[in-house]
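Okay, so here's the structure we're looking at.
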Amino acid sequence: MTDGLLCGWRIRSDIALPELLDWQGDDRIPDLVVRLGEVDERLPEGREISPLLQIDGTGAGLLQVPMVGRFLVRPSGGITIAPQPEASEAEIRLFLLGSVLGMVCHQRALLPLHASSVAIDGGAVAFCGPSGMGKSTLALRFAQHGHSVVSDDICVIETCEPPRVRPCFPRLKLWRDTMEDAALSPEGLERNRRGQEKFHFRAPHAGVREPLPLRAIFLLRRAGSGEGEGIQRLAAPLDIMAALEAETFRLQVGHALGRAETLFQARALIANDVPVYRLTRRADAQPDRWLDAIAATIRG
């Protein structure tokens with residue numbers, strides 16, 4: 001078993017988790033324990049949230065991923081994985097550090113955004129958007145310019161004052177063409193899933209270990225035909241809260257766990273304390289030319 005650092009938690013795992021930084025904290029009892037074992041196909045008193053997910057009255061969740069495995073996630077921090085024989089280690093870790101991590105965040109009243117984030121001037125800057133919008137690409141380009149990657153795909157936010165981002169791990173999931181555009185080779189890297197031209201790349205800077213204040217959020221969107229590019233700050237709190245709700249990772253899980261009010265309060269706090277911008281750009285726009293504009297917007 002190995003101990004790693006994940007969102008400030010000490011995680012002990014039966015399976016290797018090379019994405020994580022090593023645990024260097026005190027000798028506390030692990031916050032999360034990942035074990036391999038048998039997992040039933042149904043929670044005894046679970047209700048179906050989706051074809052792949054069940055939640056019971058205790059707050060436990062059962063995620064079933066075809067050809068990968070079953071993941072039983074208890075509020076106490078115990079996670080049991082029953083892998084399918086054909087599942088690769090990368091696929092098991094993909095869902096453990098993705099959907100399962102999102103469930104753990106909701107169990108612990110944290111706000112997970114569907115976002116990548118990097119450290120800029122002592123704070124965390126998050127890039128939100130649907131898959132394929134360029135979140136990881138922007139994080140990669142900032143990493144190539146000396147900034148640490150705080151998280152990829154899931155940005156975990158503590159809703160204290162001011163809001164803080166808990167660091168996840170410096171691994172990025174990148175498509176082959178993204179890597180080649182950045183003068184990187186995917187050869188020898190682990191594939192995200194079998195047959196997929198998406199690879200796991202550990203950013204050159206070793207991540208961060210402590211929570212960082214949330215400096216800004218950028219909502220990424222594609223420019224429509226004839227529409228100009230640019231960065232625009234959202235002013236209306238209700239618009240910000242609606243955008244954050246849309247970008248909440250596994251929102252239905254939070255609602256199923258009874259966290260709707262907590263999530264609403266978290267969105268309201270961010271809308272009040274953190275600048276949120278809409279970054280509109282063309283699909284063919286080179287990401288490097290946005291780095292200075294993003295940094296100037298934050299500093300300005």
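The values are calculated or read from the model by the stated rules, or taken from the named source; none is laboratory data. A quick note: this is a predicted structure, and the numbers were derived from the prediction, not measured. Cβ sites come from the backbone with ideal geometry, for glycine too, and all protein chains shown count toward neighbours.
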Long-range neighbours under 6 Å by Cβ, at least six apart or interchain, first residue under 13 Å from Ala115 (Cα atoms) and modelled with pLDDT of 90 or more within the stretch 159-172, second in a loop (DSSP other than H, G, I, E, B) and β-branched (Val, Ile, Thr): Pro167/Val208
Residue within the stretch 272-283 that is part of a loop (DSSP other than H, G, I, E, B), touching an Asp or Glu at 6+ places or on another chain (Cβ under 7 Å) and charged (D, E, K, R) present: yes
Leading residue by the ranking (farthest from Gly102 (Cα to Cα)) among those in the stretch 7-26 that are of a type in the set (Gly, Ala, Ser) and in a loop (DSSP other than H, G, I, E, B): Gly25
Near pairs, Cβ below 6 angstrom, 6+ apart or cross-chain, from the stretch 229-249 (closer than 11 Å to Arg267 by Cα) to any residue that is aliphatic (A, V, I, L, M) and surrounded by 14 or more Cβ atoms within 10 Å (Cβ to Cβ): Pro237/Ala271; Ile240/Leu234; Ile240/Ala271; Ile240/Val276; Met241/Ala271; Ala243/Leu219; Glu247/Leu113
Close pairs (7 angstrom Cβ cut-off, 6 or more residues apart or separate chains): within 18 Å of Gly77 (Cβ to Cβ) in the stretch 47-60, of a type in the set (D, E, K, R) and surrounded by 13 or more Cβ atoms within 10 Å (Cβ to Cβ) anywhere: Ala60/Arg74
Among residues of the stretch 49-90, those that are acidic (Asp, Glu) and either under 16 Å from His255 (Cβ atoms) or modelled with pLDDT of 95 or more (or both), counted: 1
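Table: residues versus (1) touching a strand residue (DSSP E or B) at 6+ places or on another chain (Cβ under 6 Å); (2) of a type in the set (Val, Ile, Thr); (3) not assigned by TED's automatic domain parsing to the domain that holds Trp175.
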{"site": "Gln196", "(1), (2), (3)": "no, no, no"}
{"site": "Ala206", "(1), (2), (3)": "no, no, no"}
{"site": "Ile231", "(1), (2), (3)": "yes, yes, no"}
{"site": "Pro237", "(1), (2), (3)": "no, no, no"}
{"site": "Ile240", "(1), (2), (3)": "yes, yes, no"}
{"site": "Val253", "(1), (2), (3)": "no, yes, no"}
{"site": "Gly258", "(1), (2), (3)": "no, no, no"}
{"site": "Thr262", "(1), (2), (3)": "no, yes, no"}
Checklist (1) farther than 23 Å from Gly4 by Cα; (2) among the small types (Gly, Ala, Ser); (3) within 21 Å of the chain's Cα centre (by Cα); (4) surrounded by 17 or more Cβ atoms within 10 Å (Cβ to Cβ) applied to Gly102, failing item: (1)
Members of the stretch 183-228 found to be in contact (Cβ under 8 Å) with a residue 60 or more places away in the chain, closer than 23 Å to Gln286 by Cβ and assigned to a strand (DSSP E or B), listed by number: Phe201, Ala216, Ile217, Phe218, Leu219, Leu220, Arg221, Arg222
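Kindly establish whether Ser88 is surrounded by fewer than 20 Cβ atoms within 10 Å (Cβ to Cβ), free of Cβ contacts under 8 Å to residues at least 12 places away in the same chain and not charged (D, E, K, R). I'd like the intermediate steps shown before the answer.
Details: surrounded by fewer than 20 Cβ atoms within 10 Å (Cβ to Cβ): yes; free of Cβ contacts under 8 Å to residues at least 12 places away in the same chain: no; not charged (D, E, K, R): yes.
No, not satisfied.
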For Phe127: the one exception among (1) in contact (Cβ under 8 Å) with a residue 60 or more places away in the chain; (2) assigned to a strand (DSSP E or B); (3) within 14 Å of Cys168 (Cα to Cα): (3)
